[in-house]
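Encoded as structure tokens, the structure appears first; notes follow it.
The values are calculated or read from the model by the stated rules, or taken from the named source; none is laboratory data. Remember, it's a predicted structure, so these values are computed and weren't measured experimentally. Methodologically, a virtual Cβ is constructed for each residue, glycine included, from the backbone with ideal geometry; neighbour enumeration extends over all protein chains shown.
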Amino acid sequence: VDAKNPEIRLEVNPAKQQGSWGLVGELDAHSAGLLEETVANAAMAEAVILDMSGVSFIDSSGLRALVGLKSSLEGSGSSMRIADPSDAVRRIIEMTGLADHLDVA
Amino acid sequence: LNSAERRQRVGRWTINAGPGAAAHARDTVSNMPGVAEGDLADAMLVVSELAANAAEHGTSAAFQLEAEVIDGNFRCRVANEADASPPTGPWPMPDPDALRGRGLAIVDRLATRLDVRYTNGEAVVEADVELSTS
């Protein structure tokens, strides 16, 4: 692995339903930018849904990306919610008291 | 433990403070003997938080990571040069709409001990995570 340009261990895949995305991999400081760019730059949907069943790891940098993305989407008239969180996602969201704020199903 | 086993349970790494620092730090400890599958998630999360802080707030191109299985705990220590001390606690959980300040608050909740020191321009953060099976 190139130390200066390490691999991003996250996929942000558009789902069939417009505004719905499937996240697979690790959401941390390095991969957070990919999530923000991909979703924020996509055609505006009324409601953005992030399926996080495939997220094997997330830390506070990943949470920062989710909170920031939600704020930016709401600022432009959209919304964001999290569907089907993996155990890792559910655990950190509950630990940090973000379940309601991030609208976790 | 014989000396070979003891060596395996202690690791020291120099990690480049670049964009992949947290992932690299997680990788180094993910295969440490003595950390069972059920304890790995918490250990990796703590290491990731400490490494991300060192990469973001450190002023050196690299930081030091040490990890050790000792007395039923997974202990990790991250040291980096810094212009200011990391927060020395308490580490309350920020409000839901806050963007920052969750890293050490998460570590504090996962760890049985969290110690932050800042001496002569070096920040050292050490945390113990109790192992359920060691």
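Annotations
- Listed here are the strands (runs of 3 or more DSSP E) enclosed by chain A that have at least 1 residues being surrounded by 21 or more Cβ atoms within 10 Å (Cβ to Cβ) and not hydrophobic (A, V, I, L, M, F, W, C): A:20-27.
- Residue that is farthest from B:L110 (Cα to Cα) [pool: residues in the stretch B:66-80 that are within 13 Å of the chain's Cα centre (by Cα) and among the charged types (D, E, K, R)]: B:E66
- Residues in the stretch B:17-38 that are within 12 Å of the chain's Cα centre (by Cα) and surrounded by fewer than 19 Cβ atoms within 10 Å (Cβ to Cβ): B:T28 only.
- Taken over the stretch B:56-80, the residue count meeting the criterion of being in contact with a Phe, Trp or Tyr (Cβ under 9 Å, 6 or more places away or on another chain) and surrounded by 17 or more Cβ atoms within 10 Å (Cβ to Cβ) is 6.
- Selection of first residues in the stretch B:96-115 that are of a type in the set (S, T, N, Q) and of second residues that are surrounded by 14 or more Cβ atoms within 10 Å (Cβ to Cβ), restricted to Cβ pairs under 9 Å at least 6 apart or on distinct chains, gives the following pairs, ordered by first then second residue: B:T112/B:N73; B:T112/B:A127; B:T112/B:D128; B:T112/B:V129; B:T112/B:E130.
- Flag set for B:G101, criterion: in contact with a Pro (Cβ under 6 Å, 6 or more places away or on another chain), on the phi > 0 side of the Ramachandran plot, modelled with pLDDT of 95 or more and not basic (K, R).
- Within the stretch A:58-84, residues that are more than 12 Å from every other protein chain (Cβ to nearest Cβ) reach partners that are assigned to a helix (DSSP H, G or I) and buried (at least 16 other Cβ atoms within 10 Å of the Cβ) with beta carbons closer than 6 Å, at six or more positions or on different chains, in the pairs A:M80/A:K70; A:M80/A:L73.
- Among (1) touching a strand residue (DSSP E or B) at 6+ places or on another chain (Cβ under 7 Å); (2) closer than 25 Å to A:L66 by Cβ; (3) facing chain A (nearest Cβ under 9 Å), the one test that B:N16 misses: (2)
- Taking the stretch B:113-134 as the range and being under 13 Å from the mean Cα position of the chain (by Cα) and either exposed (fewer than 15 other Cβ atoms within 10 Å of the Cβ) or in a loop (DSSP other than H, G, I, E, B) (or both) as the test, the residues that pass are B:R113, B:D115.
- Qualifying residue in the stretch A:36-53 (condition: of a type in the set (S, T, N, Q), modelled with pLDDT of 95 or more and touching an Asp or Glu at 6+ places or on another chain (Cβ under 7 Å)): yes
- One residue stands out among those in the stretch B:82-114 that are of a type in the set (G, A, S) and closer than 20 Å to B:M44 by Cα: the one that is farthest from the other protein chains (Cβ to nearest Cβ), which is B:A111.
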